[in-house]
Amino acid sequence: MMKAIIFDFDGTLADTLPICYFAFQSVFKEYDGLDLTSEQIKAMFGPSETGIIRENLLHGRHDDAIELFYEKYREKHDEFVEKNEEISSLLKQLKSEGYKLGIVTGKAKRSLDISLQCLGMEGMFDVEITGDDVDIPKPHPEGIHKALAELGVSPAEAIFLGDSDADILAGKKANVHTIGVQWLPNYQSLEFSVQPDEVFTSFRELVNLLKKG
């Protein structure tokens, strides 16, 4: 029986990829003089924002660049990211039905907190594992293992939903039921190189799956 539902965040629970791209583009333009495309930024995904900047920025002022990222992320969040009432009501419904809810994201805690606050999602999750909480990012299953341990559930009792190959690979390695999602306007994988157990294009499909037990 399913007891826990664990979500990736960017492109899964919130349409935050555009603000992520914008904030990174601002940083690389300011410090390296580079005009990077969304695809070039996406190719860097894996580590948290701080990791991406430290690994890819040519300019040495990494700490200043990281502060600029968060400044832009917070400043433009409401402009780039719309609140999704369907997702909010889905989460409230799942919580009211007794499911344990979790997030496993490559985002740093700082940007996740900004997004949860801006989107009115604070306090909805029983566990939040960010890029700051793991030694190895997805597709390694460390984050999912940590979430399962904190929630007190076995892999057989959990679902992991995400929009990227790294999400699905991490879920497979953690032996949880994997769902690839393509239900927001912006998501990472048009096609999954490793096939999830299921692919959902609407929130209602998740509700229907859980009703089946």
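Brief remarks on what is shown
- Distance between the 7 Å Cα→Cβ label points at Ser202 and Ser96: 2.1 nm.
- Once the Cα atoms are used to define both axes, helix 203-212 deviates from the longest principal axis of the chain by about 30 degrees.
- Taken along the Cα-to-beta-carbon direction at a fixed 7 Å, the label points for Lys173 and His62 span 2.2 nm.
- In a simple Cβ point-charge model (Lys, Arg +1; Asp, Glu -1; nothing else charged), the chain has a dipole of about 600 debye relative to its Cα centre.
- Alpha-carbon Rg with Dmax, taken over the range 17-79, Å: 10.5, 30
- When the Gaussian network model of the chain links Cα atoms closer than 10 Å, the mean-square fluctuations of Ser48, Ser88, Ser96 top out at Ser96.
- Look at the alpha carbon pairs under 8 Å that are at least 6 residues apart: their mean separation over the length of the range 17-79 gives a relative contact order of 43 percent.
- Sites Glu191 and Gln117, calculated FRET efficiency, Cβ-Cβ separation with R0 35 Å, nearest 0.05: 0.55
- Applying a DSSP loop filter and a limit of 14 other Cβ atoms within 10 Å to the GluC sites (Glu not before Pro) in the range 114-189 leaves Glu122.
- Relative contact order (percent, whole number), the chain, Cα cutoff 8 Å, 6+ residue spacing: 26 percent
- Interchain or long-range residues, amide H under 5 Å from Ile129's placed H: Ile103, Val104, Thr105
- Calculated FRET value between Leu209 and Lys83, using beta carbons and R₀ = 30 Å, to 0.05: 0.75
- Within-13-Å neighbourhood charge of Arg61 [Cβ basis; K, R +1; D, E -1]: -4
- The H on the amide N of Asp163, modeled in the peptide plane, is under 5 Å from the matching H of Val181, each at least 5 residues off or on a different chain.
Values quoted throughout were computed directly from the atomic coordinates according to the rules given, and no laboratory measurement underlies them. Since this is a predicted model, take the numbers as computed values, not measurements. Positions of Cβ are generated from backbone atoms using ideal geometry, with glycine treated the same way; all protein chains shown enter the neighbour counts.
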